[in-house]
Amino acid sequence: MTVKHTPDHPTRTPYLWFVLCLIAYFVLWSILPAFLASSVALDVSEGINWGSEWQWGYYKHPPLSSWILYSFYQLFGHIGPYVLSQLCVLLTLYLVYRLGKTVFNQATAILGSVLTLAVVYYVYPSLEFNHNVAQFPIWAGLSLAFYHCITRERIGDWLWLGVLGGLGMLTKYSVAFLLIPMALYLLLPSQWHHLKRVGPWAALALMVALFVPHVYWLATHDWLPFGYASGRSHDVAEGADTLSRHTSWLGFFVAQLVAHIPLLILAFINRKSLFKPNAYREQLTSAKSNIKLLWYIWAAPLALLVVLSLIFGIGLRDMWGMPMWALSGLLVASFIKPEYFAIANKRMQRRLIVWLSIATVLSMVYVGAGDYLRHKPSRMQWPEQAIADNAAQTWQDYSSCPLDSVSGDRWLGALIAMNNDFPSQMISGPASHSPWMTAERLRTHGTLVVKEADAEVELPLLDQVVNKGDFIKHQGQWQIAWRDAEIAPLIIDWTLYVPKNCQTAQDAL
């Protein structure tokens, strides 16, 4: 007797090879980059060092992402950031699966979740753990929680929404681009009944409670991240005429479309298995009408950004769209006709593995040999350990006290700090960018200032202390070779401000 398997009850055997391929993929992406790269990426080094200060905020972003990144680095070393990134991707896939299983069926949920990997943002950009990657599971989790809030109306779902919303805002403020459309959805006349119950208000209260400590930090630190965000947006539109500023959303939209090219190719190859547009519209109005809610959650943030760009001339950065597309694969899977699902499922799995294999090979080659191929190093190909070792040795040569802080260039300082037991960083720029540094701390412990040759750094707090302090000053240069011998050596200027009580015998002579 032949057993017919429906999409609701997929067989295990066809999935086994696919699951093994995915396991191999995530293992490779969690481990290989740490051995192929000679340095971490800029956002990774910055986040690790911020997290080591355990502040309720930093001059660019809220704190949660940095806290977690620093913890993973302490636990796992240089592999930690890559493991954390892939865990964020895996958690996102799981949450999409949970949502897909609720709306559709298990087979559609599985396919829809793994198709998320056909959106470019969830592949190569995930190598660099930053606030955008940290948002991956937050957006997927908020989508799942909000769907349950609307369809089940349980207080527990609303509380989860509040927790995720609060944690999301502690990760990056752009989570608001999802929270605002959710709030607007509740203002639709058909949804007013939710506002007459305790759930939404409990979610809001919990969200605010989680966010309040950061708000207090903002109020006592001149709202620094908002100034940074405003500057970033201004940089996008700087030099453009009024029309260009108000149409910057076009470039953003094209970038998001490009990120979906692998997914669109998979859909095109299997186009004969998909519903026609008219038939799909009929499905939306059928018993599964809640699919419309998924489409709203997916499209509303993009619509909001377009409106902000059109009306206010806000410059949109392409990478702001990174966490927005967790539901793209699931929505593509929802287009597949039930009678063609089995064959389309197999084809998409195979072609997804092809895409991930190509992406893996190209990404690892770029990380491991991109500097040799281009004769120009990326951030992940800098001589991180050599820079850190030179800094440690130079300080020990002239000071008997531990290195307490590294000042100047934020990139060089971060590489030195994370490889030398985390002395604090005093970042070039306004003193408010490094609130953990004080004049008294500098007077007591001194500092090491580093910068690339001929570059300028702004350290107003140090200038104030040096004029009144009692230091022994040393200056010099490090000349550090790159992995690719054809590239001219890296020249770094260094200056030591050593308190007299820390002077070595060499200084005393």
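The values are calculated or read from the model by the stated rules, or taken from the named source; none is laboratory data. Worth saying up front: this structure is predicted, and the values here are computed from it rather than measured. All Cβ positions, even for glycine, are placed from backbone atoms using ideal geometry, and neighbour counts span all protein chains on display.
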* To do: Would you point out which residue out of L99, L75 is surrounded by fewer than 18 Cβ atoms within 10 Å (Cβ to Cβ) and either part of a helix (DSSP H, G or I) or free of Cβ contacts under 8 Å to residues at least 24 places away in the same chain (or both)?
  => L75
* Asked: If you go through segment 364-380 one residue at a time, how many are over 16 Å from Y124 (Cα atoms) and among the polar types (S, T, N, Q)?
  -> 0
* Look through L284, L274, L243 and report the one residue that is at pLDDT below 85, surrounded by fewer than 11 Cβ atoms within 10 Å (Cβ to Cβ) and not hydroxyl-bearing (S, T, Y). => L243
* Taking only pairs six or more apart or across chains, which ones have beta-carbon atoms under 9 Å, a first residue in segment 200-212 that is in the same structural domain as W158 (by TED's automatic domain parsing), and a second residue that is outside any helix (DSSP H, G or I)? -> L210/L170; F211/P62; F211/L170
* Asked: Which one is surrounded by the fewest Cβ atoms within 10 Å (Cβ to Cβ) among residues in segment 135-173 that are in a helix (DSSP H, G or I) and charged (D, E, K, R)?
  -> R152
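Would you mind finding the one in I472, I491 that is assigned to a strand (DSSP E or B), farther than 25 Å from S400 by Cα and not assigned by TED's automatic domain parsing to the domain that holds A37?
Checking each option against the conditions leaves just I491.
Does F268 satisfy being of a type outside the set (S, T, N, Q), out of contact with any Lys or Arg (no Cβ under 6 Å at 6 or more places or on another chain), surrounded by fewer than 17 Cβ atoms within 10 Å (Cβ to Cβ) and at pLDDT below 95?
yes
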* Structure fact -> Here the residues within segment 24-34 that are within 22 Å of the chain's Cα centre (by Cα) and among the aliphatic types (A, V, I, L, M) are V27, L28, I31, L32, A34
* Test set (1) crowded, with 19+ Cβ neighbours inside 10 Å; (2) assigned to a helix (DSSP H, G or I); (3) modelled with pLDDT of 95 or more - V406 fails condition number -> (2)
* Structure fact -> So, first residue under 20 Å from P489 (Cβ atoms) in segment 360-376, second residue loosely packed, with under 15 Cβ neighbours inside 10 Å and of a type in the set (D, E), Cβ within less than 8 Å, six or more apart or across chains; the pairs are H375/E486
* To do: Collect the residues in segment 433-469 that are more than 31 Å from the chain's Cα centre (by Cα), in a loop (DSSP other than H, G, I, E, B) and surrounded by 13 or more Cβ atoms within 10 Å (Cβ to Cβ), keeping them in residue-number order.
  => G446, G469
* **Failed criterion for W50 (all others in (1) over 13 Å from the mean Cα position of the chain (by Cα); (2) surrounded by fewer than 21 Cβ atoms within 10 Å (Cβ to Cβ); (3) not acidic (D, E) hold)** => (2)
* Please verify whether segment 213-225 includes one or more residues that are surrounded by 13 or more Cβ atoms within 10 Å (Cβ to Cβ), free of Cβ contacts under 8 Å to residues at least 12 places away in the same chain and on the phi > 0 side of the Ramachandran plot. => yes
* Among the residues of segment 194-203, is any out of contact with any Phe, Trp or Tyr (no Cβ under 8 Å at 6 or more places or on another chain) and crowded, with 21+ Cβ neighbours inside 10 Å? -> no
* Positions within segment 475-488 being in contact (Cβ under 8 Å) with a residue 24 or more places away in the chain and outside any strand (DSSP E or B), in sequence order -> A481, W482, R483, D484, E486, I487
